[in-house]
Amino acid sequence: MSKYCICFILTVLLFAGCSSSQEKPKAYTVEIKDMKFIPDDITVKQGDTIIWVNHDMMAHDVTEEGSKLWTSSIIPSGASWKMEVTAAANYYCSIHVVMKGRIRMQ
Amino acid sequence: MIKTLASSGIITLALSVVFTTASLAQNPKLNDAEVASVAVTANQIDINYAAVAKAKSKNADILKFAATMSNDHKAVIAQAVALVTKLKVTPKDNAVSKKLMADAEVTKKALLSKSGKAFDKAYIDNEVAYHKAVIGAVEGLLIPSSKNAELKALLEKVVPALKVHLSHAEMVQMNFK
């Protein structure tokens, strides 16, 4: 086997390895229904997107709980809000403060 | 002593609502038009309490809670009105809705007679008691009395919101113990 052939095979294997380790970001949905986040505990990878969909008749929001690092602002009934995840977080609805959820990083 | 008596008076009034709805729940004789009237009245009463809180309180937690009650109960009324319009049902006053409104007027007067921390405590104590009473009435009287499936479904959808309101009220109440 020539050295050119070996070099070609190694290059193909390198690209194949890169493509398998760099999965496309995924989109996850969290339903806001009956005054709950469903699921209320979700595990994602950095760069994935979460979409919160408000099915309740009341407005809600999605707010980082510890330091208010991020918030959706008001999500009216029937509306949704999405965020690209950069870090794990505990979050809650600042309107209905007993509604809580959690984002874990894989 | 007077303050203590006045506070206990509010609680007694609130508890009287609990017992009233509980006793009424044992003898449900409401049609859908009457159920709709009771549902709208119960929501309007809490909007009225919220308006009193907005006018009288300076406590951030109380004001935020009251704003949530006003917005959420208005949302429920809007859904109820949309449904009865669709169903061509006109809400009909009845003994339960009249009793609820009469009791609420007495409670409102008692709330208006207070100020400062005494008002805040009385308001949130009443919110805890009122939501317990309304949850009992919706689950024990209004849902079982509803004949129309959509009306029953709407009432069932309101219960989780009422329970979240109760938990929220109990959380705020802890600051006034």
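The values are calculated or read from the model by the stated rules, or taken from the named source; none is laboratory data. Given the structure is predicted, the values throughout are model-derived calculations rather than measurements. Here Cβ is always computed from backbone atoms with ideal geometry, including for glycine, and neighbour counts include all displayed protein chains.
Key figures
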item	result
Which listed residue, of B:110, B:161, is in contact (Cβ under 8 Å) with a residue 40 or more places away in the chain and more than 22 Å from residue A:33 (Cα to Cα)	B:110
Condition check for residue B:90: surrounded by fewer than 17 Cβ atoms within 10 Å (Cβ to Cβ) and either at pLDDT below 95 or outside any helix (DSSP H, G or I) (or both)	yes
Complete set of residues in segment A:84-99 that are more than 14 Å from chain B (Cβ to nearest Cβ) and either assigned to a loop (DSSP other than H, G, I, E, B) or crowded, with 18+ Cβ neighbours inside 10 Å (or both)	A:85, A:86, A:87, A:88, A:89, A:91
Residues satisfying the stated conditions in segment B:139-153, i.e. among the hydrophobic types (A, V, I, L, M, F, W, C) and within 14 Å of another protein chain (Cβ to nearest Cβ)	B:153
Considering residues of segment B:107-161 that are closer than 22 Å to residue A:96 by Cα and of a type in the set (Asp, Glu) only, the residue surrounded by the most Cβ atoms within 10 Å (Cβ to Cβ)	B:127
Qualifying residue in segment B:154-173 (condition: of a type in the set (S, T, N, Q) and within 14 Å of chain A (Cβ to nearest Cβ))	yes
Qualifying strands (runs of 3 or more DSSP E) (wholly inside segment A:31-80; at least 2 residues being crowded, with 16+ Cβ neighbours inside 10 Å and of a type outside the set (Lys, Arg))	A:41-44, A:49-54
Boolean, residue B:177 is charged (D, E, K, R) and in contact (Cβ under 8 Å) with a residue 60 or more places away in the chain	no
